[in-house]
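The values are calculated or read from the model by the stated rules, or taken from the named source; none is laboratory data. Model, not experiment: these values are computed from the prediction. Quick reminder, even Gly has a Cβ in these numbers, built from the backbone with ideal geometry, and neighbours come from all protein chains shown.
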Amino acid sequence: MTLRLTALMSASAFGLLTALPLQADTLDDLKAQGFARIAIANEPPFTAVAADGSVSGAAPDVAREVFKRLGVPEVVASISEYGAMIPGLQARRHDAITAGLFMKPERCAAVAYSEPVLCDAEAFLLPAGNPKGFASYEDIAADPQATIGAPGGGTEEKLALEAGVPRNRVIVVPDGQSGLKMLQDGRIDVYSLPVLSISDLIAKAGDDSVEMFAPVVGAPVYCDGAAFRKGDEALRDAFDVELAAMKASGEFAAIIEPYGFSAAAAMSTSRAELCGE
């Protein structure tokens, strides 16, 4: 699904400066207006802007569908730098941010986030069928013969060691293609990277002998959500109701998983956990 980029590109990126009007801040106003203005980035697969101005990506596709269900038929996108998104939202240049803006304590204090939409969790690349049933780093530690490949100095190496996998069974792998090849050759039992990276490896490999397990049980999950102004919690809550219905029906997965995101990862956590509410 795509939508048309009809608002302005960021001034820093495109050298354009135009005053933007104040935006509606309630669902009733948005319904009467007929559209919602969303701030996005140009960062595939979260968002992408084509040469003709059409916008695609997991975040705006989800936002457009949710707003349509709320009775707001159109979504108008405006590219913004990440650092300018929250100030722009607070200045009413946008009605929401749907751009892969991950929840962090300082952001949670500044905006009203929806429930998680796009998450980048830890993932395992495994032989098809996951014959050893690995679901966590602790599972690998408990198998005295199991080896795991991970980037040297990266999060996955640290998580494996902290879970008790001995140093000699954590194999430093220089890059994704090397990790895939080592798994295919049987030199490691598991290769670990974030979901998006493993998804990309699988898509390019075209090899049915490997599969992804995600999210890794007990490992961190990093998520964004649609961000609304403080004071617009009623709009945020209405957004959450439709988002939950889409997650339950499978439509949410149908939208985001072709982009490489894991619906299970988004459904494994909550705003309360991520924002410490």
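Brief remarks follow.
- Criterion: under 18 Å from the mean Cα position of the chain (by Cα) and either farther than 30 Å from Val111 by Cα or not polar (S, T, N, Q) (or both) - qualifying residue of Ala146, Ala234, Ala160, Ala227: Ala227
- In region 212-222 there is at least one residue that is aromatic (Phe, Trp, Tyr) and at pLDDT below 95.
- Single residue of Leu235, Leu196, Leu274 found to be of a type in the set (A, V, I, L, M), part of a helix (DSSP H, G or I) and touching a helix residue (DSSP H, G or I) at 6+ places or on another chain (Cβ under 7 Å): Leu235
Matching residues to (1) in contact with a strand residue (DSSP E or B) (Cβ under 7 Å, 6 or more places away or on another chain); (2) assigned by TED's automatic domain parsing to the domain that holds Gln177:
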{"residue": "Ala203", "(1), (2)": "no, yes"}
{"residue": "Gly206", "(1), (2)": "no, yes"}
{"residue": "Gly231", "(1), (2)": "no, no"}
{"residue": "Ala248", "(1), (2)": "no, no"}
{"residue": "Gly260", "(1), (2)": "no, no"}
{"residue": "Ser268", "(1), (2)": "yes, no"}
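- Filtered residues of region 33-45 (kept if loosely packed, with under 15 Cβ neighbours inside 10 Å and either modelled with pLDDT of 95 or more or in a strand (DSSP E or B) (or both)): Gly34
- Residue match in region 210-221 (condition: at positive phi, without any contact (Cβ under 8 Å) to a residue 24 or more places away in the chain and not assigned by TED's automatic domain parsing to the domain that holds His94): no
- Tally, over region 89-134, of residues that are surrounded by fewer than 20 Cβ atoms within 10 Å (Cβ to Cβ), under 27 Å from Val241 (Cα atoms) and out of contact with any helix residue (DSSP H, G or I) (no Cβ under 8 Å at 6 or more places or on another chain): 6
- The number of residues in region 191-211 that are modelled with pLDDT of 95 or more and closer than 22 Å to Thr269 by Cβ comes to 1.
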